[in-house]
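Q: Below: one structure in structure tokens.
The values are calculated or read from the model by the stated rules, or taken from the named source; none is laboratory data. Just so we're clear, the structure is a prediction, and the values are computed from it rather than from any experiment. A quick note on method: Cβ atoms are made from the backbone with ideal geometry, for glycine too, and the neighbour counts reach across all protein chains shown.
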Amino acid sequence: MKSTIILLTFLFSVGGYTQNFTGKATYKTHRKMDFKIDDGKGAPNADMQKQLQAQLMKQFQKTYTLNFNKSESVYTQNEELSSPQVQTGGMQIQIMGSGGGTDVLYKNIVDRRYVNKTEISGKRFLIKDVLQDYGWETTGETKNISDYTCYKATRKREEERTSFSMTDGEKEEKKETVTIETVAWYTPQVPISNGPEEFWGLPGLILEVQDGNLTIVCSEIVLNPSDKIEIEEPKKGKKVTQEEFDKIMDDHSKEIMERFKNKRKSKDGNSFSIEIRG
């Protein structure tokens, strides 16, 4: 009878712990990029190409915070001091994307839905859609991340990749279908089915993700912090589905490439090719 009382007490304490469970996790991201500049008249020299590559890589080195409770989360990019623009002979790297540092990604695990507030050229959008079922496969493999024991889960998907090359303002678009493997490491010690970016669906907080060329690693976790965790669903912006927003982004990217093409045509002489894949 004594052991039964101890067991019931333990179960009750765990239940009480998860009832008001909150926390915040800090993640750092980086992405490998295949950056090539073909030789040609006016092409950057080797040192300049290294500067361009470093500038491009830095664009994808970001820090994010995931604020969470047992059913909801908000994922935002941390504010950072902007570094001086690298001078590369009149060239600079521009990443064609959405709102970047102003994005707010809200996930509701119970309702299996998300809301992503983002911007394109100053126009605010509110992407509302259902959370993807990842179909994770657990392996039983473990490793430690900081003080947490993590378990490995994987998935594979087919994805159409588009790469652009530009030669003296003339754009060439290449499409190919590739197989992307995603590896996630989650810890049941943080009992929420959540993680960074859009990742979720495992029996514990996801602390590390390797998704193709993208790597996300948790650097700090604070459970039940003294400061109250505020989780608010974004409300303002033009409501669209993910599919509708992807079409808007595709049109926006093509418009920017066309502007660059026209700008290059207005200049004489120099001609070289840039190709970025990632």
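Q: Quick one: would you say Glu233 is surrounded by 14 or more Cβ atoms within 10 Å (Cβ to Cβ) and modelled with pLDDT of 90 or more?
A: On the way: surrounded by 14 or more Cβ atoms within 10 Å (Cβ to Cβ): yes; modelled with pLDDT of 90 or more: yes.
Here the answer is yes, as Glu233 does meet what is asked.
Q: Collect the residues in the range 115-138 that are more than 22 Å from Trp185 (Cα to Cα) and of a type in the set (Phe, Trp, Tyr), keeping them in residue-number order.
A: Step one: list which residues in the range 115-138 are more than 22 Å from Trp185 (Cα to Cα), which gives 115-130.
Of everything in the range 115-138, just one residue is more than 22 Å from Trp185 (Cα to Cα) and of a type in the set (Phe, Trp, Tyr), namely Phe125.
Q: For the range 71-92, which positions are in a loop (DSSP other than H, G, I, E, B) and at pLDDT 95 or above? Can you show your working first?
A: Step one: filter the range 71-92 for residues in a loop (DSSP other than H, G, I, E, B), giving 71, 78-87, 89-90, 92.
Selection gives Ser71 alone.
Q: Can you tell me how many residues within the range 120-133 are at pLDDT below 95 and surrounded by 15 or more Cβ atoms within 10 Å (Cβ to Cβ)?
A: The number of residues fulfilling the criteria is 1.
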